[in-house]
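The structure appears below as structure tokens.
All of the numbers you see were taken from the coordinates with simple rules; none came from a lab. Remember, it's a predicted structure, so these values are computed and weren't measured experimentally. Positions of Cβ are backbone-derived with ideal geometry, glycine not excepted, and every protein chain shown enters the neighbour counts.
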Protein chains: 2
Amino acid sequence: MSRREAILERAVEVASEEGLEGLTIGRLSSELGLSKSGLFGHFGSKEELQLAAVDAASAIFFDEVVKPALKEPEGAPRLRVYCHGWVGYLEREVFSGGCFFAAAAAEFDGRPGPVRDRLRDGQGAWLDELAKQARVAGVEDPKQFVFEVHALVQGANARYQLFDEQDAFARARRAIERLLPA
Amino acid sequence: MSRREAILERAVEVASEEGLEGLTIGRLSSELGLSKSGLFGHFGSKEELQLAAVDAASAIFFDEVVKPALKEPEGAPRLRVYCHGWVGYLEREVFSGGCFFAAAAAEFDGRPGPVRDRLRDGQGAWLDELAKQARVAGVEDPKQFVFEVHALVQGANARYQLFDEQDAFARARRAIERLLPA
DNA sequence: CCTACCGATCGGTAGG
DNA sequence: CCTACCGATCGGTAGG
């Protein structure tokens, strides 16, 4: 693992807990035992560090949620594995502070710029892929389906993070089962 | 309107856009045309300012969503007005940066302390009230119902804030209609 | 990769 | 309510 990768591994963790703005160069460098300017040199600006953290988190999401479903045939089987994998990735606490993307989106949705754009494009691609599988699976209204599944998954994350409700994930799964094609 | 109320009106607005941590004393005081220490004196600490902003936002939520429903009889009629009022409050952009509470919860769910506690207690009381009306309305599983409605409303807010999808609110209403008792 | 520094801003205080 | 200040930390730069 390169030094840059080691920095980003920690950066993603910190950002999921404290937000992408709480990801300060001073804090991150002292935690990793290198100088501020040493860390800074890997990215060139705080914004580049934030963008790199978004990309690193996206790669983790791909490995944890998307990749395992690619063995399944397109349509209903893959859609089901996507949905349950999405809930499972939150339940397993892949990021210590909950869903990196939900936290980052809430933080940056009111701040126009490259970080917001990267978050929107990444989440957009994932939601489009879900809608595609829903269409192949014969779901009546794929966009409505994706809207509801997205809401339920994010709702479970929010409940778990703020209220420590362990059963939030089971509730999301139950509601999603009702939406999935039989 | 007292000076303190004027400060909090602006504080709630800023916090909904930039977060409760972005609510800096320096920024807020310069926007309002008074000195930092002048503003500081009204609250005593940044944390007290944040708590006061949460309370001010809660009062607005009560006026916008809860109060109009109190004319309706308990049970199904009041539940329906609660749910549609909740969506409507986001659609009307009562807070310029979207749902104050969703943003604040995402920001503070990983930071133990009085602000997180205040947010959790306030949202908890609202969700309990929804569950109570659902029970009176004869909803089969009131807790599951509230989980799903909460998710759908927050999902619409997230979609609208990040993707500018105008139809997110209509999608939430459609899904909620399917859950409400006939 | 480092030390040493820059101006700006942070939350907060002293004193009036 | 104000001016004037405190130490700490921010993102970032110079120079090696």
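The table for this structure:
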read-out: Average other protein chain Cβ within 10 Å of Cβ, residues B:138-149; value: 3
read-out: Shape call, segment A:132-182: gyration tensor on alpha carbons, a/c limit 1.5; value: prolate
read-out: Proximal aspartates and glutamates to A:K132, defined as alpha-carbon separation beneath 17 angstrom and excluding residues fewer than eight positions away on the same chain; value: A:E72, A:E74, A:D121, A:E140, A:D141, A:E148
read-out: Choice from B:H150, B:H84, B:H42 with maximal GNM fluctuation in chain B (Cα, 10 Å cutoff); value: B:H42
read-out: Simple Cβ-charge dipole of segment B:1-83, Lys/Arg +1 and Asp/Glu -1, about Cα centre, in debye nearest 20; value: 160
read-out: Proximal aspartates and glutamates to A:K143, defined as alpha-carbon separation beneath 16 angstrom and excluding residues fewer than eight positions away on the same chain; value: A:D128, A:E129, B:D164, B:E165, B:D167
read-out: Rounded to 10°, Cα long-axis angle of helix A:76-91 versus longest principal axis of chain A; value: 40
read-out: Eligible lysines near A:K46 by straight Cα distance, threshold 29 Å, same-chain separation 8 or greater; value: A:K36, B:K36, B:K46
